[in-house]
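Here is the structure we will look at, set down as C-alpha cells.
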Amino acid sequence: MFGVMMNYPLTLAQILEHAHRIHGDKQVHTLLPNGKVHTYNYDTLDRRVKQLANAITTLGIRSGDSVATFASNTYQHLEICCAVPYAGAIIHPLNVRLAPTQLAKIVEEANDKLIFVDRACVEQFSKLQQKIDCKHIVFFNIDTGQNENRTNLSIEYEQFISEADNNYISDIQDENWAMALCYTSGTSGEPKGVLYTHRSMFLHTLAVNQADVFGLTESDVVMPLVPMYHAMGWGLPYASMFAGAEIVLANANHTHIVDLIAETGVTVAAGVPTIWARLLPELQKRKQEITSLRRLIVGGEPMPPTLIEAYEKELRVEVRHAWGMTEMSPTGTFSTLRKAHQNLSDAEKTDIKAMQGRPIPGVQVRLVSENDVELPWDGKTIGELQVRSPWTARTYYKNTSTAEHFTTDGWLRTGDLATINAEGYMQIVDRAKAIIRSGGESISSVALETALLKHPSVNDAAVVGVSDKKWGERPLAVVVITSQTDEDISEILKQHLATEFPKFWIPDKFVVVDEIPKTGVGKTDKHAILQML
Ligand code: ADP
C-alpha cells in the first residue's frame, strides 16, 4: 500500500526558485582578473538564468542535450550551471586543464551541442576547438561582461541573453532526468563520465547542508575554490543557494584571494589541501584581516595533520576534512569530532580530523577483501572501500564494462584501500593503484607522504613506486624542501621516517624538486612524477 504524500519531483528548479523567492537579496561575488569584485544578487541571477534558459531553447537545445562550459568560476559560469539544467538539458563543465586530445574525446562522447567559453581560457580552448565539431560556441568575458573582440563565428554571451525573455517556466518532467555530466579528474586512469540526475543532486544538496557536513546557514559567505568541473564545485554553489548563503567565486590561483576573503567576509571556504598549504603563509601574515573565516572544507586528497593544526590553532579556523568521489556527487564521508572526543588532547583530535571520517547520513560504506568477504571495522584491517547512496553512480556514462567498478549487489568499488574503526571513522591507506608492492608486502604511499610532511624541512611530498629487479617495486620520495641546506636531506628524512616505519618502508631515494606536479584539480600527479623521473 502506498502512502498519501505528494510525489513532488526533486529537481534543481526547486533550489533555484527557493534561492530567488526566499533569498533574492543575497549576493554573488566574483573576483575579476584585475582584482576588483563584481557583485549582484540572487534576483539578478534568477532573471539572467531565465533569459539564458530561453536563449538556449531558442538555439534548439532540448532536454537530454549536453551543453559544455570551458570556464573558470565566475557569475556567468554559475548562471550557465543553473540555466542549462533548468531548461531540462545537461550541464557539462569541461576540465580546462586536461590535454586537448583527451578533452576532444570527452566532447565527442558527451556529444556537446553548445559550448560556453570564458575568454580567460580562450587560448587553451583554441587548441581544443581545432579538434571538435561543435555547432554553437558562446563566448563570455569576465572583465566587463561587454561584447568585445566580436568575430563572425562566435556568439557573444551578453547579446545572447539580452535578447531573450526573462519569463521561463521550467518543465523538468522527471526527477530522474539527467542534469549534469562531470568526468573524474583522471588521477589514476582516463577520466570517466558520471551523469547526475536532478534527484541525486537535490538529495546531495540536502545531505551536505546538514550541520555536521557543510553546515551552511543563511548567514554564511561561501567561497568554493573548487572548479565547477570538479563534481560541480563539490556541490557547494547549489548548497549555498538552497541555504541562502552568499557565494564568492574565484580562481584559486588568483593573487587577490586573501583580499577577497577580507572584502566579502568569507565564512566558509573549500578546496584541496594544496590550495590551503599555498595560502597559509599569507593568511598567517594577515590574520587580523580574515577573522570572518570560520571553517575550511577540505578534500580530494589527504589533509596533512600539520596543516590542520596550523589552521585550527594559529588561525582559529575549523578544518572539516572530507572524502568523496566524482561518482558520489562527490560527498561520502566527513571527519567531524564526536561529543565523546571533547576531552581528548589537541593532538588526538587532530589525528581524528586527519582521517577521512564517517559516512554522512544517506551514505553506506563497507570494507571488502580481495575475495569479496566483508571485513571488520577494527581500525586495522585493510580492505577495498565500497559505497552506496542515492547520490552515487550506478554505472559510468556510456560505459558498459562496469564489473571492475560496480559489484553485482549494487555497490560502487571505490578503488581506495582503507580501514574503518569501531566508531565508523574511515582512513584511506592508499589508492589501490598507488599502493607500493615490495617483496610481497604493501607500503602505503599516503602514510609515507603524511609522515614526510610532518618534518619541518618539507613543504610538499609525494611517494611513488618504481620498479625494482629484486623487490618488484620500491618507494621513491619526491620532496619540496623549505630551504636549501648543506646537510644530507635524504639521510635526515630517512632517519625521520625510521621512527615510524619498518626499514623496508623507507624510500631508497629522495629527489628534491622545486614543485610537485599537480593535476587540473590540484591533486598530486603521480603519472607526471613518474614521467619526470
Ligand atoms: P580521480 O579519482 O580521477 O582523482 P576524483 O576527483 O573523483 O577523481 O577523486 C576521487 C578520489 O580522490 C577518491 O577515490 C580518493 O582516492 C581521493 N580522495 C578524495 N578525497 C580524499 C581524502 N580526503 N583523502 C584521501 N583521498 C581522497
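The values are calculated or read from the model by the stated rules, or taken from the named source; none is laboratory data. Computed from a prediction, not measured in an experiment: that's the story for all the values here. Don't worry about glycine lacking a Cβ; one is built from the backbone with ideal geometry, like all the others, and counts go over all protein chains shown.
Given P475, P390, P456, which one is under 30 Å from V107 (Cβ atoms) and away from the ligand (no atom under 12 Å from the Cβ)?
Going through P475, P390, P456 in turn, just one is under 30 Å from V107 (Cβ atoms) and away from the ligand (no atom under 12 Å from the Cβ): P390.
Among the residues in region 379-397, are any closer than 25 Å to A528 by Cβ, touching a residue at least 40 places away in the same chain (Cβ under 8 Å) and outside the structural domain of A178 (by TED's automatic domain parsing)?
yes
Tallying residues that are in a loop (DSSP other than H, G, I, E, B) and more than 16 Å from the ligand (Cβ to nearest atom) within region 168-187 yields 10. One residue stands out in region 511-521 among those that are within 16 Å of the ligand (Cβ to nearest atom) and in a loop (DSSP other than H, G, I, E, B): the one that is farthest from Y229 (Cα to Cα), namely I516.
Just one of the listed residues (E312, E374) is away from the ligand (no atom under 16 Å from the Cβ), at pLDDT 95 or above and closer than 30 Å to D514 by Cβ, and it is E312. Listed by position, the helices (runs of 4 or more DSSP H) inside region 226-297 whose residues that are over 19 Å from the mean Cα position of the chain (by Cα) number at least 3 are 257-264, 273-285. Against the conditions (1) in a loop (DSSP other than H, G, I, E, B); (2) under 25 Å from T326 (Cα atoms), A104 satisfies every one except (1). Within region 277-297, if we keep just the residues that are under 23 Å from V28 (Cβ atoms) and of a type outside the set (S, T, N, Q), the residue that is nearest to the ligand (Cβ to nearest atom) turns out to be I297. I'd like to know if region 349-361 contains one or more residues that are more than 16 Å from the ligand (Cβ to nearest atom) and not assigned by TED's automatic domain parsing to the domain that holds T184. Yes - at least one qualifying residue is present in region 349-361.
Selection of first residues in region 176-189 that are not assigned by TED's automatic domain parsing to the domain that holds V107 and of second residues that are within 7 Å of the ligand (Cβ to nearest atom), restricted to Cβ pairs under 6 Å at least 6 apart or on distinct chains, gives an empty result. Among the residues of region 1-48, those that are in contact (Cβ under 8 Å) with a residue 40 or more places away in the chain and hydrophobic (A, V, I, L, M, F, W, C) comprise L10, L12, A13, I15, L16, A19, I22, V28, L31, L32, V37.
Of all the residues that make up region 67-88, how many are part of a strand (DSSP E or B) and either in contact with a Cys (Cβ under 7 Å, 6 or more places away or on another chain) or surrounded by fewer than 23 Cβ atoms within 10 Å (Cβ to Cβ) (or both)? Number satisfying all stated conditions: 1. The residue that is farthest from the ligand (Cβ to nearest atom), among those in region 227-260 that are more than 23 Å from G24 (Cα to Cα) and free of Cβ contacts under 8 Å to residues at least 60 places away in the same chain, is V258.
Only one entry of A99, A104 meets the criterion of being closer than 23 Å to N253 by Cα, without any contact (Cβ under 8 Å) to a residue 60 or more places away in the chain and surrounded by fewer than 23 Cβ atoms within 10 Å (Cβ to Cβ), and that entry is A99.
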